[in-house]
């Protein structure tokens, strides 16, 4: 999508994305090697009753869905960061995740008119409609001068 196609209140949906145990363990082994992400037997005895995905893996899945649904072919070039990120429920092997990204604000920078600023809230839910990721992101877009 192009920057001009975004508007406040818009909801962009994507998914589903099926999380496999192999992918969950592979990501965690490389980037978040904690036992409740990588050791099925130990995780079964732990507080979650089984393996759960790294929150960073969950963010990566959301990023992939956002990129495919909204950012491919756009003028997007960076993000200065997130206002917040929350993982209210764990992602488990076999979960089917869907994204809803609600546009909060779309504007041109007053100081840099070739900079478009998009603020949007991303939510990932699983097949039980439980929220597994909630974040507020800012995305930057390179725009032509008026």
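The numbers here are math on the coordinates, done by the rules we state, and not lab data. What you see is a predicted model; the values in this text were computed from it and never measured. Heads up, the Cβs are rebuilt from the backbone with ideal geometry, glycines too, and the neighbour counts pull from every protein chain shown.
So the values come out like this:
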{"read-out": "Residue in region 124-145 that is farthest from residue 59 (Cα to Cα), counting only those that are surrounded by fewer than 18 Cβ atoms within 10 Å (Cβ to Cβ) and within 11 Å of the chain's Cα centre (by Cα)", "value": "136"}
{"read-out": "Identity of the residue in region 58-100, within 9 Å of the chain's Cα centre (by Cα) and buried (at least 17 other Cβ atoms within 10 Å of the Cβ), that ends up farthest from residue 30 (Cα to Cα)", "value": "99"}
